[in-house]
């Protein structure tokens, strides 16, 4: 973990010194109050977050929270109706998370690319090392069930 950078949503939730989350939460509340809920974007964010977390767990990564965070934040630009780069410049996220969200690089980026591809019905994406297409389909179905049932927002 890079010192001074946020790697996962847990770092925001459990570290009161990070005032950035409070600002972010206030912006989201205002956005939701002003324009109403965005159910398709909310559903996509939950599905992506859970899928990334499940794949991270399958890969036996110690930072499954970071995978969840990447999936959740991948829809941030649509929720905020602002460019992702601008939003990420305002947040103290680690470089690995930023590269995954902006350029789909690294292990996190590969997993994000998979879930975005599955959303579109694509099959021409790189598989995360050690995970079969069949396993990804199963995990995607689990994430879909989670997204239908979960009340995160």
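Taken over region 108-128, residues that are under 11 Å from residue 55 (Cα atoms) and out of contact with any helix residue (DSSP H, G or I) (no Cβ under 8 Å at 6 or more places or on another chain) amount to 1. Just one of (1) modelled with pLDDT of 55 or more; (2) in a helix (DSSP H, G or I); (3) under 30 Å from residue 130 (Cβ atoms) fails for residue 12. It is (1).
Annotation: residue 108 fulfils all but one of (1) over 24 Å from residue 139 (Cα atoms); (2) crowded, with 22+ Cβ neighbours inside 10 Å; (3) within 12 Å of the chain's Cα centre (by Cα); the unmet one is (1).
The values are calculated or read from the model by the stated rules, or taken from the named source; none is laboratory data. The structure displayed is predicted, hence computed values, not measured ones. Glycine gets a Cβ as well: all are built from the backbone with ideal geometry, and neighbour counts include every protein chain shown.
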